[in-house]
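Single-structure report; data block below.
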Amino acid sequence: MDVLDDVLSTLALKGVLYFRTDFSGPWSVQVPNLEGAARFHLVVEGECHVSVAGGADITLRAGDLVLIPAGASHILSEQPADSAPPLETVLERAGYDGKGVLAINDGDAAAKTQMVCGHFTFRDGADHPLLRALPPQLVITAGDRARAPLLDETLRLLTRRIFEAGPGSCVAVTRLSEAAFVELLRAGVREAPEMASVLAALADKQIGRSLEIMHARPQEVWTVETLAQEAGMSRSRFAEKFRGLIGMSPLAYLSEWRLQKALSLLDNGGCTVQQAAARSGYQSAAAFSRAFSAKFGAAPTAYRRLHA
């Protein structure tokens, strides 16, 4: 089993393009907070300054990209700025209807900035050590892209598809952006040690094997001893290495993952609460209901009814 694929599928990764821009200065825009989303901005032409609330000031040039995983509010501008008009105001002034190019031409037409802007979303309640390990902002430069050919090719295809539009472009952009997210994780490990540790766990022969088993067969009864046996390690060494890479104990990880699987099953509406409990590894519906309610703030029956 590809554990990373299972994680992103279960957490319902989805890429959303919200606009491409054609700005000529002076221009600035305040992008609002979007909880549970990871925003991205890719500069195709020109230069863009990004000021993240409570974070860093970043300068992006052609070919550079920033990912803001927590969806924090931030300012995009031609020159560094402490304030800017809200995105809603900018959209209204530009007469933008959600289609085509968001254009702002208030100054020198030659001072042009073209960007592709969008975000990645996950299912409500989505949680995983990999998501928690993402840094407040992840910057990928044109130089980084040269060292990550798969990411570079994906971003080139994404940009080309957005600018050419045409039939099927929406679906193509969504799928390409989701592929780009995976490659962004791989390319960004140098800037995020915690994220590098989790990805290293997936690739590790022993810990990766235990993760594959937990993801493939969460409904089975697992102990630290049986997981260590599957990994070909002693119990103590396995538990120590697992915690060192993932940041939590093997059974704590398994408990969290079972709840994420159950959330996915209930969200898709394809099974009953009892079936979701059994398929995610709970021996009783009562135990499942207690754990689910504690994690997500609602009983599984109420959650299923709401998302039916």
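Every read-out reported here was derived from the displayed coordinates using simple, explicitly stated rules and does not represent laboratory data. No experiment lies behind these values; they were computed from the predicted model shown. Every residue, glycine as well, gets a Cβ built from its backbone with ideal geometry; the counts of neighbours run over all protein chains shown.
Hey, in the GNM for the chain with a 10 angstrom Cα cutoff, which one of ALA239, ALA294, ALA37 fluctuates hardest?
ALA294
To check you understand DSSP bridge types, tell me what percent of the beta bridges within the chain (both residues inside) are antiparallel, rounded to 5.
Counting only bridges with both partners in the chain, antiparallel ones make up about 85 percent.
Could you tell me how many degrees, from 0 to 90 and to the nearest 10, lie between the Cα long axis of helix 285-296 and the main elongation axis, the longest principal axis, of the Cα atoms of the chain?
With both axes taken from Cα atoms, the answer is about 30 degrees.
Report the label-to-label distance for GLN79 and ALA298 in nanometres (one decimal), using points 7 Å from each Cα along the Cα→Cβ vector.
4.8 nm
Mind checking the angle between helix 205-216 and the chain's longest principal axis? C-alpha axes, 0 to 90 degrees, to the nearest 10.
Here the helix axis deviates by roughly 80 degrees.
For PHE19, which sequence-distant residues (separation of 5 or more, or a different chain) have an amide H within less than 5 Å of its own amide H, given hydrogens modelled in the peptide plane?
It is CYS117, by chain and number.
Return the sequence-ordered ³J(HN,Hα) values of region 42-52 in whole Hz as given by the Karplus equation 6.51 cos²θ - 1.76 cosθ + 1.60 applied to θ = phi - 60°, using x for Gly and Pro.
Result, rounded to whole Hz: 10, 8, 9, 8, x, 9, 9, 9, 10, 10, 8.
Restricting to Cα pairs below 8 Å that are 6+ residues apart, what does the relative contact order work out to for region 204-306? Please round to a whole percent.
Normalised by residue count, the contact order of region 204-306 is 22 percent.
Once fully extended, how much extra length lies between SER236 and VAL171, figured as 0.36 nm per residue of separation less the alpha-carbon to alpha-carbon distance?
Separation in residues times 0.36 nm, less the Cα-Cα distance, equals 18.7 nm.
Can you compute the modelled spin-label distance between ALA287 and VAL221, with each label point 7 Å from Cα toward Cβ, in nm?
So the label points at ALA287 and VAL221 sit 0.9 nm apart.
Collect residues whose amide H, placed 1.01 Å from N in the peptide plane, falls under 5 Å from the amide H of ILE104; neighbours closer than 5 in sequence don't count.
Under 5 Å from the amide H of ILE104 lie the amide H atoms of ASP22, PHE23, SER24, each far enough along the sequence or on another chain.
How do the peptides 192-203, 112-123 rank, highest first, by the average count of neighbouring beta carbon atoms within 10 Å per residue?
The peptides rank, most packed first, as 112-123, 192-203.
Quick one: if you stick a label point 7 Å off each Cα along the C-beta vector at ASN33 and LEU91, how many nm between them?
Here the modelled spin labels are 1.9 nm apart.
What is the count of Lys pairs in the chain whose alpha carbons sit under 22 Å apart, if the two are 8 or more places apart or on different chains?
5
Based on Cβ point charges of +1 for Lys and Arg and -1 for Asp and Glu, what charge dipole magnitude is obtained for the chain about its Cα centre, in debye rounded to the nearest 20?
Dipole about the Cα centre, nearest 20: 1140 debye.
Against the longest principal axis of the chain, how steep is helix 169-187, in degrees 0 to 90 to the nearest 10, with axes from Cα atoms?
Compared with the principal axis, the helix lies near 70 degrees.
State, to one decimal in nm², a quarter of the convex hull surface area for the C-alpha atoms of region 204-306, i.e. the direction-averaged projected area.
If you wrap the Cα atoms of region 204-306 in a convex hull and average its projections, you get 6.4 nm².
Return a whole-number percent for the relative contact order of the chain, with Cα pairs under 8 Å and 6 or more residues apart as the contact set.
That works out to 19 percent.
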